[in-house]
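**Q** Just dropping this structure here.
Values in this text are rule-based calculations from the coordinates and carry no lab data. None of the values given here were measured: they were computed from a predicted structure. Here the Cβ positions follow ideal geometry from the backbone for every residue, glycine too, while neighbour counts run over all protein chains shown.
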Amino acid sequence: MTEPHIHDAARRVFLRAVASGAVASAFAGTGVAHAAAYPDKPVRIILPFAVGGSADAVARLLANKLAERFKQPFVIEAKPGANGTIAADYVAKSAPDGYTLLLNSSAQAINPTLYPKLPFDPVNAFAPVAQVVQPGPFVIVVNAQLPIRDLRELIAYAKARPGSISYGSAGIGNSLHLGGEMLAQAAGIELLHVPYKGAASIVNDLVGGQIQLMLNSWLAVQPFVESGKLRAIAQTGLQRSSAMPDIPTVAESGFPGFEFTSWFGLWAPAGTPAAIVDTLNAGTRWAMGQPDVLERLAPFGTGAPQPLSPAEFGRFTSAEIDRYARVIRKARITADS
């Protein structure tokens, strides 16, 4: 008859231990306590692009909000070059403790096919964390002096001049390059790719007539379209973006199902504890869904990330790798081409 009293006494001792912090200290050496305290020092977000571009703007929106949520600095560190592989290599070889993260564009899904001999595994070296910005469309623009007012006229113009209609991109294998290739493959036309070192030079040469065509974000070309120097003929999302509601999609211009978008995501080194990854996933979804952030994203033609778990974001990235691989292989694009 005394056993229930023994249990009650033990329970009271346990509860007092919890209240005093003794039980927590017993687990101080485990990952549970460590994850619960994360982050307890500054976190670095490695960016594969130069400061000042759209990627930098997105990174700073995220970093500021994560710092607000977690009460720790989130510091942007740019390591540009090689279509994002320099930054990715750095993060892949960093400690898997949640304090070094990679924010990359859809280049993260392009590079596994574009660079077959990377010094790191472009898939398995990372733990997917979260989508940062949902897939957003590009806009197809031409020099306003050309007799091209819509996509059908572009296709007819290009077919009459095979291989002589040039389009610019920010380098071999970047999103703007692959978008042009996807358009050419879908429309059955031959376009001449001209790689540049920066997006600003592309716009200047397009306005000047040195090239005839480009894909870019609406934010990058809007002033030139509104001034009449460039003409927007189509956008590449499945549905029209609220940022450019008067511009038809490629899909509604005669190519049902055509979609080419760009997005941003967050990754950690493989082996980062799941509790830390989950914490960052929740924080990212909260950060990029705040009203002031959505207001800043609107001119890009995009918005808050899709509500994907880390595993779902990993599957999304895998599907994007397969999609880009088909375009790259069909066009026979390599990092050295």
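**Q** Where both partners of a DSSP beta bridge lie in the chain, what percent of those bridges are antiparallel, to the nearest 5?
**A** Here the share of antiparallel DSSP bridges comes out near 60 percent.
**Q** Compute the long axis of helix 54-70 from its Cα atoms, compare it with the longest principal axis of the Cα atoms of the chain, and write down the angle in degrees, 0 to 90, nearest 10.
**A** The angle comes out near 20 degrees.
**Q** Could you compute the FRET efficiency for Lys71 and Arg315, with r as their C-beta to C-beta distance and R0 at 30 Å, rounded to 0.05?
**A** 0.40
**Q** Continuing with the same structure: Specify the angular offset, from 0 to 90 degrees and rounded to the nearest 10, of the alpha carbon long axis of helix 274-287 from the longest principal axis of the alpha carbons in the chain.
**A** Rounded to the nearest ten degrees, it is 50.
**Q** Taking the Cβ of each residue in Asp40, Asp278 as the centre, tally the other Cβ atoms inside 10 Å and list the residues starting with the fewest.
**A** Asp40, Asp278
**Q** Cβ under 15 Å from Phe264's Cβ, Phe264 left aside: what net charge do those residues give with Lys, Arg +1 and Asp, Glu -1?
**A** +2
**Q** Another question, then. List the trypsin sites (Lys or Arg not before Pro) in the stretch 284-337 that DSSP assigns to loop (not H, G, I, E or B) and whose Cβ has at most 16 other Cβ atoms within 10 Å. Which are they?
**A** Here the trypsin sites (Lys or Arg not before Pro) that fit, given the DSSP loop and packing criteria, are Arg332.
**Q** Quote the charge dipole size of the stretch 247-337 about the Cα centre in Debye, to the nearest 20; the model charges only the Cβ of Lys and Arg (+1) and of Asp and Glu (-1).
**A** 340 debye
**Q** Calculate the length of the line joining the C-alpha centroid of the stretch 161-224 to that of the stretch 287-326, in whole Å.
**A** 24 Å
**Q** For an R0 of 22 angstrom, estimate the FRET efficiency from the Cβ-Cβ distance between Gln306 and Glu252 and round to the nearest 0.05.
**A** Between Gln306 and Glu252 the formula returns 0.45.
**Q** Rounded to whole Å and sorted largest first, list the principal axis extents of the Cα atoms in the stretch 139-253.
**A** If we take the Cα atoms of the stretch 139-253, the spans are 32, 28, 27 Å.
**Q** Moving to a separate point now. Compute the distance in nm between two label points, each set 7 Å from the Cα along the Cα-to-Cβ direction, one at Ile86 and one at Arg60.
**A** It works out to 2.1 nm between the two label points.
**Q** Just to confirm the number: angle between the C-alpha axis of helix 175-187 and the first principal axis of the chain, 0 to 90 degrees, nearest 10?
**A** That works out to roughly 50 degrees.
**Q** Sorted by mean Cβ packing within 10 Å, highest first, what order do the peptides 237-247, 125-135, 207-217 take?
**A** Result, highest mean Cβ count within 10 Å first: 125-135, 207-217, 237-247.
**Q** Under 27 Å between alpha carbons, and skipping anything fewer than 8 positions from Lys71 in its own chain: which lysines qualify?
**A** Lys41, Lys79, Lys93
**Q** What does the highest-first list of 69-76, 177-184 look like by mean Cβ count within 10 Å?
**A** The peptides rank, most packed first, as 177-184, 69-76.
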